[in-house]
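Since the structure comes first, as structure tokens, the remarks are kept for the end.
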Amino acid sequence: MGLVTFLYTLYLIAPIALLLVGSFGTSWTNSLLPTGFTLDWYREVIGDASFRRAFMTSLEVVAATCVVNVVLGVPFAYAVFSAANRGVRLAARIFTLLPVAVPELVLGFGFIIVFSSDYLPWLGTTWLLICAHIVLTLPYLVATLLGDMDRLGIADMEKVAETLGAGFWQRFRDIVLPSLRYSLLSGLMMVTAISIGEFQISNLVAGFLSRPYPVVLLQAFYGATGLACAATVILIILALLAAFGGAAGAHLAQLRQKVRA
Amino acid sequence: MTIRFDNVTYRYATGKGGLSDISLEVGKGELLVVIGPSGSGKSTLLKLLAGFMEPQAGRILIAGQDIRGVSAQHRDLGIVFQSYALFPHMTVLENIAYPLKLRRVGRDERIERARNALREVGLANAGDRLPGTLSGGQQQRVALARALVYKPKALLLDEPLSALDAGLRTDMRDLITHIQRAANIATIHVTHDQEEALSMADRIAMIHEGRLLQLAPPRELYDAPVDTTVAAFVGKANLWPGRVVSPTLVATAFGNIECVASAWQIGAAVTLLIRPEAVMPITDDDGQGKGPRQEDKQPGRPINRFNGTLTQDRFLGAVRRYDLVVGDGVITGETGYRGIISGVTISPDDVRVLPA
């Protein structure tokens, strides 16, 4: 078991470590490891207007995706959770998981077909890119919320609150939302991580001036190895930040769970 | 404030469970315990009263007012649920003050009232703690304080003790009755635990398959159950099917039993109820019954006497519950006597004749 864990970790870490090494190497051609030490590649990435633009686009898309996820995801999860009919609940859960099950390529082509027509000529706009990311990430947030609603016993708490005299909005504000705050945090971090690293749909849907970071990153691979490594490391750092945030959120939620038990 | 059910009927779409034609009344300050096996409809009764469902027929009155169409939010009832359902993100004090906040009671007053309520349930120092740091029994007390702090019209307790361990349960029974008396509030307590019912209730309503079988004070329910279902559910019981052969004699598998059957027609099919503590062991040394109530019996009256073999002998501390095999039947008795038992007597006065 220990050996398997070690090998798996090695398999996971090695490429990232090599990227890190490569991003500081002067030249890396036909050798096991690069030679020389330089910060030039990072300077070049940071100095490059298209990288900077892509970086900002990515942040914009992530932020907008998170906001819309909260606005749509929380009420949606709550509605599915409160639905009295078992069939409705099951259908809703399957429906939200569809975007996860369908290959992204299919979704991407769907977007191209629908939004390149004369009636809906919106392909290439940033907000269409944001829409694509929302479709992709919403299931993860909803699944996280639904799972925690079950575990936290929201239904019982709401029933009690109702008998204590709380109306629908009071219950939502005083009981449901505060109970879900950690769950929401960890769900959003997952959304962020997915959105930051998303390539397939972005590559198909994004316009030339609204390309997010991973799409521009692909271009770097056609140039010098060091440049590609440095550009990738920046993406990894972004993704890691999101992942750690997510883990911290989940940890907090779990701590609270223990307190409750 | 009183609670009244007038011919209330509710049927689920599945056809299982529900209530048929329930009528009962709970007076001001009265503690009515509703008992019945699971699926008997007692939870339905609570849901109808709480306002989570509406009856299909009949009406429910709280303080004389028909509450049909009034939502759960506006019924002004205090309900303690089995799961307590305290709000984990609020402190104990905030939990208790929450219903007051909803009623727009000023901050200082609601803190003051919440503190008083907390003191009454014996948790004066726990106000700043989070519910998750409390034990089950303490959470239960907080839930009770929260349900009473706004002086609701009635109190409903939905199996509030079933999640606690046995030792704590008896303490909580006393606490609940104490607080309920102090608040002088009409209370319906739903449980499947007959011992809990007997020890707490002013009156007990026994529900079975959606019907109210008997509504009586605990002693009457125990001593004079209306039928075998009630007799079997409340306390331990020897139930023997038989046929009336004379006004003082019923034929059973154990032979002819002396009892008072004058209210029954000769030939009627009946069931005899004998509580285990009424079964008196005959001790080997003198051949006389030596049970605790032996002195009460009038000498010279006929007595039912059985000899058999002891098959089960359970020592429960204060009493001993034994099974005596007599012919093809088994008599279960309870006694404080610790010697050898090879036979028992049953006084005719202790045999109750129930419909078959």
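Values in this text are rule-based calculations from the coordinates and carry no lab data. Just so you know, these numbers come straight off a predicted model, no measurement behind them. Here the Cβ is made from the backbone with ideal geometry for all residues, glycine too, and neighbour counts use every protein chain on show.
The Rg/Rh ratio for chain A is 1.05, where Rg is the radius of gyration of the alpha carbons and Rh is the Kirkwood radius.
Rounded to the nearest 0.05, the FRET efficiency derived from the C-beta distance between B:S135 and B:Q56 at R0 = 45 Å is 0.60. Summing Lys and Arg as +1 and Asp and Glu as -1 over all other residues whose Cβ lies under 13 Å from the Cβ of B:V260 gives a net charge of -1. Please give the net charge around A:V215, taking every other residue with its beta carbon less than 12 angstrom from that of A:V215, where Lys and Arg add +1 and Asp and Glu add -1. Local net charge: +1. With a Cα cut-off of under 25 Å and a minimum spacing of 8 residues unless on different chains, the lysine pairs in the protein assembly as shown number 23. Computed extension gain for A:W127 through A:I113, at 0.36 nm per residue and net of the alpha carbon distance, reaches 3.4 nm.
Summing +1 for each Lys or Arg and -1 for each Asp or Glu among the other residues whose beta-carbon sits under 13 angstrom from that of B:D313 gives +2. Inter-chain neighbour count for B:87-93: the average number of beta-carbon atoms from partner chains within 10 Å of each residue's beta-carbon is 5.
Each semi-axis of the equivalent ellipsoid for the protein assembly as shown is √(5λ) with λ an eigenvalue of the Cα gyration tensor; in descending order they amount to 71, 29, 24 Å. Identify the chymotrypsin sites (Phe, Trp or Tyr not before Pro) of region A:24-114 meeting these criteria: DSSP loop state and at most 13 other C-beta atoms within 10 Å of the C-beta. Here the chymotrypsin sites (Phe, Trp or Tyr not before Pro) that fit, given the DSSP loop and packing criteria, are A:F37.
Beta bridges per DSSP, both residues in the protein assembly as shown: antiparallel share near 75 percent.
Partner shielding of B:73-79 amounts to 4, given as the average count of beta-carbon atoms from other chains within 10 Å of each residue beta-carbon.
Could you state the angle between the C-alpha long axis of helix B:166-183 and the longest principal axis of the C-alpha atoms of chain B, as a value from 0 to 90 degrees rounded to the nearest 10? The angle comes out at about 60 degrees.
Can you give the FRET efficiency for A:L98 and B:I340, using 1/(1 + (r/R0)^6), R0 = 60 Å, r = Cβ-Cβ distance, to the nearest 0.05? After rounding to 0.05, the efficiency reads 0.20. Every Cα-Cα pair of region A:63-174 was included, and the share exceeding 24 Å stands at 40 percent. Against the compact-protein benchmark of 2.2 N^0.38 Å, the Cα-based radius of gyration of region A:58-114 scales to 1.40. Largest GNM mean-square fluctuation among A:L128, A:L39, A:L235, using chain A with Cα springs under 10 Å: A:L39. Antiparallel beta bridges, as assigned by DSSP with both residues in chain B, represent about 75 percent of the total such bridges. What whole-number distance in Å separates the alpha-carbon centres of region A:19-82 and region B:103-160? Taking the Cα centre of region B:103-160 as reference, the centre of region A:19-82 is 51 Å away.
Run the helix sum for chain B: -39,500 (n - 2.57) per DSSP H stretch of 4+ residues, divided by residue count, reported at 222 nm to the nearest 500 deg cm²/dmol.
-7000 deg cm²/dmol
Projecting the alpha carbon convex hull of region B:3-223 along each direction and taking the average yields 12.1 nm². With both labels modelled 7 Å from their Cα along Cα-to-Cβ, the A:V67 to B:T248 distance reads 9.5 nm. For the options B:N125, B:N304, B:N238, a Gaussian network treatment of chain B with springs between C-alpha atoms closer than 10 Å singles out B:N125 as fluctuating the most. Taking B:G267, B:G58, B:G15 in turn, the Gaussian network model of chain B (Cα-Cα springs below 10 Å) assigns the largest fluctuation to B:G15. Which residues among region B:204-227 fall inside the zone where the amide N is under 18 Å from a point 7 Å beyond the Cα of B:T9, along Cα→Cβ? Residues B:208-213 fall inside that zone. Per residue of B:94-101, other chain Cβ atoms within 10 Å of the residue Cβ number 3 on average.
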